[in-house]
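Visitor: Below is one structure. I have some questions about it.
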Amino acid sequence: MTILYLNTVSGDLIHGMKLAGIRRYAALRGWEAEAVPYAELLSRGLASILAARRHVAGCVVEAASDGVLFPPELFGDVPVVYLHPPQSLRDRRVAFVATDNEAVARAAFRELSARRPVAYAVVGYRMPTEWAAVRRRVFADLAAKAGVPCHVFGADGTENGVRSAESAAALERWIAALPRDTAIFAVNDGTAGEVIDAAAAANRHIPRELALCGVDNLADICEATRPTITSIQIDFERAGFLAARLLGDFPAKREANGRMHFSGKPRRASVPPCDKGSITVGPLMVAWRESTGGAGRREPHILAAVERIRREACNGLTAQKVIAESPGSKRLFTMRFREATGHSVLDEIRHVRLEAVETLLLQTDTPIRAIADFCGWGSSVALERFFRSSTGMTMREWRLKNRG
């Protein structure tokens, strides 16, 4: 069986992380995962792509734009889960995984508040979008609760329309008027890059006078500017994993010829959803760079460690091994890992293993006593103890409740 990842957005570097998450889930099921690029979707069409593949477990569809939509009726009996769909699709009660934009704004506020700024500022996206409006609103609310002024560029996501030369000049004037020691939240890295350009034109120094934090941790933007940009890394790998796992919640029965026939009606989600068939994911870590005064704090090895844990946690990887093989001071690594992710190396390993345990409980008939061996636990007793402390249920109770 194969999960198809339909990428309807051309040239986005984030999709590799999402595909890695889809592949992580597929490996647990003994399935394959295949990315279908945007160019192929345009040239061949969805119906032709689905017809050419006989053993399709389902499709994960990138649907971040109203301009390129694949509504569920186009997939027939093939299950479909959407990543970051616009409201027009969410209103149809489709299964989806989306970014927790409130959590993103909270993470940015925590990072920027470390400087104890005299004021905050937030710059929205160049076009009206729901996600940008949520990030901007929540950040401004947090500043208000802290009793610190917050300056907002643009209202309701319009930014005076598309960021033309005129609006770029308006951004420059706005930044020039900000008080010294203002902490600026740009709702994504592209916007943060525009702030860097506007600050340079306004002769405002980042990070000496102003601090700046973006979102997405796109290296081609964040590492290309001067100063480099601190950014919130969203857990895109987890988004892909959970989207693929939602596909596994669709009931299926095997036909005589060995192919799978899907009813197209999803079962209850395997993790607590915010709405039926919907899940949100939040930030993974903060990638520190020069724009928040973090010169020398660029530590890609933290993200590399997280990615390694995702790949190897169920193969016996230990926290001691991750720490021992990290560059530099082991004490500094453990401190930076906790600062960046909010938890320890061991907690991250346990989190990944717990995801694997839940998948095996929900979507296979693997005996409970054997699950520990598949997911990297030393003993079934240790796993049962941890599982109960994490979920409030035994593994058998959890399986019965979630399989219905």
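The values are calculated or read from the model by the stated rules, or taken from the named source; none is laboratory data. No experiment lies behind these values; they were computed from the predicted model shown. Counting neighbours? That spans all protein chains shown, and the Cβs are built from the backbone with ideal geometry, glycine included.
Visitor: Can you tell me which of ARG53, ARG115 is closer than 18 Å to ASN7 by Cβ, among the basic types (Lys, Arg) and touching a residue at least 24 places away in the same chain (Cβ under 8 Å)?
Guide: Being closer than 18 Å to ASN7 by Cβ, among the basic types (Lys, Arg) and touching a residue at least 24 places away in the same chain (Cβ under 8 Å) holds for just one of ARG53, ARG115, which is ARG53.
Conditions tested, residue by residue: (1) modelled with pLDDT of 85 or more; (2) within 26 Å of the chain's Cα centre (by Cα).
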position	(1), (2)
PRO37	no, yes
LEU41	no, yes
ALA47	no, no
GLY58	yes, yes
ASP66	no, yes
LEU69	no, yes
TYR82	yes, yes
SER88	no, yes
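Visitor: Going through region 199-225 one residue at a time, which ones are crowded, with 22+ Cβ neighbours inside 10 Å, more than 19 Å from ALA114 (Cβ to Cβ) and more than 27 Å from the chain's Cα centre (by Cα)?
Guide: Within region 199-225, just ALA199 meets the criteria.
Visitor: Something else now. Restricting to region 91-113, what's the tally of residues that are polar (S, T, N, Q) and over 10 Å from PRO283 (Cβ atoms)?
Guide: Of the residues in region 91-113, 2 are polar (S, T, N, Q) and over 10 Å from PRO283 (Cβ atoms).
Visitor: Test of understanding: among GLY293, GLY316, which residue is in contact (Cβ under 8 Å) with a residue 24 or more places away in the chain, small (Gly, Ala, Ser) and more than 30 Å from SER231 (Cα to Cα)?
Guide: Unique residue meeting the criteria: GLY316.
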